[in-house]
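Each value in this text was obtained by applying a stated rule to the coordinates, not by laboratory testing. Given the structure is predicted, the values throughout are model-derived calculations rather than measurements. Glycine also receives a Cβ, built like all others from the backbone with ideal geometry; neighbour counts cover every protein chain displayed.
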Amino acid sequence: MTDRNISCQLNDTQHKHDASLFNFANDKIAVSVVNFHKSLPNYKPTPLIRLSSLADKLGIEGLLVKDESQRFDLNAFKVLGASYAIAKVIGNELNLNDDELTFERIVSEQSKFKKITFATATDGNHGRAVAWTAEKFGCKAVVYLPKGSSLARLKAIKQFGAEASIINQNYDDTVIYAEKTAKENGWILLQDTSWAGYEEVPIHIMQGYFTLITEFLCQEQEIWPTHVFLQAGVGSLAAAILACLCSFTDKTTPIFVVVEPHGAPCLYESIKSCDGKPFKVTGDLPTIMAGLACGEPSHIGLPILTAAASAFIKCSDDVARRGMRVLGNPLAGDQAIISGESGAVTLGLVYELLSNKRYSHLKEDLCITNNSKILLFSTEGATDPEAYREVVWS
C-alpha cells in the first residue's frame, strides 16, 4: 500500500516589493559566479531536459527538468555553492576581486593558503562538494554526517581526501557540532545554512546556486516558466533560486512552490504558524529524502521564501519514490533521468497533483492549467546506488 499524502500551505503573506531581501541577487553577481564556475576544470552546463510526452500526459504545455546528476561527476548541484564560497574565502586571503576569482589564479598562489581547513556538517551532497573543492584547491576538509547516513555517502566524501565521520546526532545537532569543532581547531566553517552571526559564507553558497538559472537562460530562450517547484531542506537553494528569479524585473515571477518531506517540514510549519518565527522540527527527522532531512530553516532563506514563495507543500516519501520511478522509466520520446530521493520529489509531486483527482483542488489553488510551463530541478542522481535500486526496481 502506498501513502502519497500531500499537504499544502498557501502563502498569504507575500510582499515581493521588499527589495532589501533580494539585494544579494543581481545580474552582475550572477555573471561573476558563472564566470568562476566556467574556470573550474571540466566545467560544462548540466542538461536541461524537456519531457514533452509526460507534459502531454499531464495536460500542461511544458515540463522542463534541469538534471544535476551530471554536475562535475559529483552527482549533485551542491558543488556550485561550495566551490564559490570556498573560492571567496581564499580570494579574501589573496586580496582578489571578483573578476580575478578564477581557478587558475587561485591555485597559482596555493602556497599562501594550503594550510586552510574547511569544516562542515552534511547529509551527503554538500560534504562531498566541500571535499572535492578543497582537494582541487589543495586545502583540507573535515566533514561530519548525522546518524543514519549511508556508508556509500561517507565513502564518496572520503575519496576526495577529506576526514569524514558519521556521528550519533541528527542533522541540526551535527551542524552545531561542526561549528563547535571548527572554532576549537581554527578551521573555517563552510555550512550551507545560516543563523544570526553566521551569514557571509551561506550568502556566497546561495550565490553559487545562481548558475543554475544562468545556465537555464542560455539553454532555453523560448520558454519562461509559469511555475517552479523547488525542494527544500533548510531552504538555501530554494531561496537562492527564488531571489534570482525575482531579480528579473522584465519577467513575470513564476508561481514558486517549496516542497519538503513530511518528516522534516521546517519551512512548511514556519509558514503555517503565521508568527514570522522559524519553526524547528526536532527528533530523528524520518524520511528517505536524506538531503532534505533538516529541522531548522536558514536564517537568510526563510524571510525570502516567506516574502515571495506562493505555497509550501509537505509530502510523504512515496511521492519521492513515484518521482524516481517516473523519471527513470520515461514515456516514449522522453529522456530518462536518474534521480535520487531528494532530486525526484518535485516531479513526483507534480505527477500526483496533475493525475490524482484527490488533489484537483490544489491544482486549482496553484493555478496550474493546460497553458502551464513547469520548471523542476533534479538536484541529485543516485547518490546512494543501493537505495536507488531498492526504490526503482521494487
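Miscellaneous remarks
- Three-way shape label, the range 181-229, alpha-carbon gyration tensor, a/c 1.5: prolate
- Rounded to the nearest 10 degrees, the inclination of helix 341-355 to the longest alpha-carbon principal axis of the chain is 20 degrees.
- Computed lengthening from GLN110 to ASP275, 0.36 nm per intervening residue step minus Cα-Cα distance: 54.6 nm
- A full extension of the chain between THR282 and LYS28 corresponds to an added length of 87.5 nm, given 0.36 nm per residue minus the alpha carbon distance.
- For the set LYS277/LYS314; LYS28/LYS363; LYS155/LYS180, the pairs lying more than 27 angstrom apart at their alpha carbons are LYS28/LYS363.
- Alpha-carbon centroid distance for the pair the range 354-394 / the range 226-257, whole angstrom: 17
- Of the beta bridges in the chain, as assigned by DSSP with both residues counted there, near 25 percent are antiparallel.
- For the chain, built as a Gaussian network whose Cα springs stay under 10 Å, the top-fluctuating residue of THR383, THR252, THR193: THR252
- Choice from GLU109, GLU163, GLU380 with maximal GNM fluctuation in the chain (Cα, 10 Å cutoff): GLU109
- Spin-label model distance (nm) - ASN370 vs ASP98, 7 Å beyond Cα toward Cβ: 4.5
- Cα gyration tensor category, rounded, prolate or oblate, for the range 57-175 with a/c compared to 1.5: oblate
- Shape category assigned to the range 256-394 from the gyration tensor of Cα positions, a/c cut at 1.5: oblate
- Of the residues TYR268, TYR43, TYR351, the one that moves most in a GNM of the chain with alpha-carbon contacts below 10 Å is TYR43.
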